[in-house]
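Take a look at the structure set out below.
The numbers here are math on the coordinates, done by the rules we state, and not lab data. Being a predicted model, the structure only gives us computed values, none of them experimental. Don't worry about glycine lacking a Cβ; one is built from the backbone with ideal geometry, like all the others, and counts go over all protein chains shown.
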Amino acid sequence: GSSGLSFYQGFWCPSKIVPNIISFQNHFKSHDQDIILASKPKSGTTWLKALLFSIVNRASTSISNTPLLRSNPHELVPFFEFTLYANNNKIPDLSNIPFPRLFSTHIPYDSLSKSIKESKCRILYICRNPLDTIVSHWHFANQADHLNLISKWTLEEFVDVYCKGEEVFGPFWDHILGYWKQGLEHPRKVMFFKYEDLKKDTKTQVRKLAEFVGYPFSMEEESLGIVDEILKLCSFKNLKDLDVNKHGKFMPYFENKSYFRKGEVGDWVNHLSPTVADQVEKLIHEKFSSSGLTL
Ligand code: A3P
């Protein structure tokens, strides 16, 4: 359509990456040790990538010399559909990636490669209050129009797109509920995180994350303050102020700095009128009230 999106397997996806998704679906072979971070765009993906990378690699790379200081988190935990399977249908060679391999995706659960569902790999899912996600996404889309994503829209128009379920990787309710259900049915496979919980009690959530992926913090590490060091390293301010995240691009389309805007809960009140917010709240109630998930 005119938004540069195509409807594919029940979700809206940038037309340009449909071939990447098909290639991923046909060729990606998952390993039991893989860890896959899934999300809707603007839900806290970058932050969770930084935390996951730090947790898994803390024994091999000291905090003072971690690649996170030199690389955007999206380079360290690559997207299947934007980076790995983006080379004109050439199947990427993933054989040199050390285990556990860390990957990420915005693809809904149902459309993941079959082997992800069949292996014992773990999936982390992060979701965020849709009002904040919309506001965050609108700011982001206004900076990055190279994929032909929605950009010249007013915020109110953008809200309408979301409410129709026609945003990138939308409808958001199907995306979130798809992973939510898997988390309920297969708690050892899918762990569900909320951006708001991560903000409120980062330390508890990070311990939970470390345990889930098989890298729990030892008593010794706790007493050495390793958890706090990781929280500090991955804090909004610290990541935002790194040279690598102030300059440069992540793929040709996205500037690294566009992944670090404000990093707060509830910023939507500064952008959306009560009437518009009410429209979204009603939709959230309608779609999520029977799921047991509160957003
Ligand atoms: P805002 O636009 O509300 O600031 P994603 O990584 O999924 O693209 O999500 C981007 C959102 O996460 C942006 O939200 C961004 O500022 C926020 N973010 C990025 N790094 C963060 C961090 N370390 N802590 C908290 N929020 C962070």
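Each helix, a run of at least 4 DSSP H residues, gives -39500 (n - 2.57); summed and divided by the residues of the chain, these come to -12000 deg cm²/dmol at 222 nm. 3J(HN,Hα) along the range 56-62, derived from phi through the Karplus expression 6.51 cos²θ - 1.76 cosθ + 1.60 where θ = phi - 60°, amounts to 6, 9, 5, 7, 8, 10, 5 Hz, with x in place of Gly and Pro.
The string of couplings for the range 274-286 from the Karplus curve (6.51, -1.76, 1.60, θ = phi - 60°) is x, 5, 5, 4, 4, 4, 5, 4, 4, 5, 4, 4, 4 Hz, one whole number per residue in order, with x for Gly and Pro. Summary value for the chain: 25 percent relative contact order, contacts being C-alpha pairs under 8 angstrom separated by 6+ residues.
With a ≥ b ≥ c the root eigenvalues of the C-alpha gyration tensor of the chain, is it rounded (a/c under 1.5), prolate (a/b larger than b/c) or oblate? Because its axes are fairly even, with a/c under 1.5, the chain counts as rounded. When each of the peptides 163-173, 239-249, 126-136, 186-196 is scored by the mean number of other C-beta atoms lying within 10 Å of its residues, the order from highest to lowest reads 126-136, 163-173, 186-196, 239-249.
Summarising the amide proton neighbourhood of Phe250: residues at separation of 5 or more, or on other chains, whose placed amide H is nearer than 5 Å comprise Glu255, Asn256.
Using a Gaussian network model of the chain in which every pair of alpha carbons under 10 angstrom is joined by a spring, one finds that among Leu76, Leu155, Leu94 the greatest mean-square fluctuation is at Leu94.
In sequence order, the range 95-106 has phi-based couplings of 5, 8, 6, x, 8, x, 7, 10, 10, 9, 6, 9 Hz under the Karplus curve 6.51 cos²θ - 1.76 cosθ + 1.60, θ = phi - 60°, and Gly or Pro positions carry x. According to the square roots a ≥ b ≥ c of the eigenvalues of the Cα gyration tensor, what is the shape class of the range 132-272, taking rounded for a/c under 1.5, prolate for a/b larger than b/c otherwise, and oblate for the remainder? Oblate shape, in that a/c is at least 1.5 and b/c is the bigger or equal ratio.
Shape of the range 218-295 from its Cα gyration tensor (a ≥ b ≥ c, root eigenvalues): rounded if a/c is under 1.5, otherwise prolate when a/b > b/c, or oblate? Taking the square roots of the gyration eigenvalues as a ≥ b ≥ c, the range 218-295 is oblate.
Applying 0.36 nm per residue to the separation of Lys249 and Ser95 and subtracting their alpha-carbon distance, the gain on full extension is 52.9 nm.
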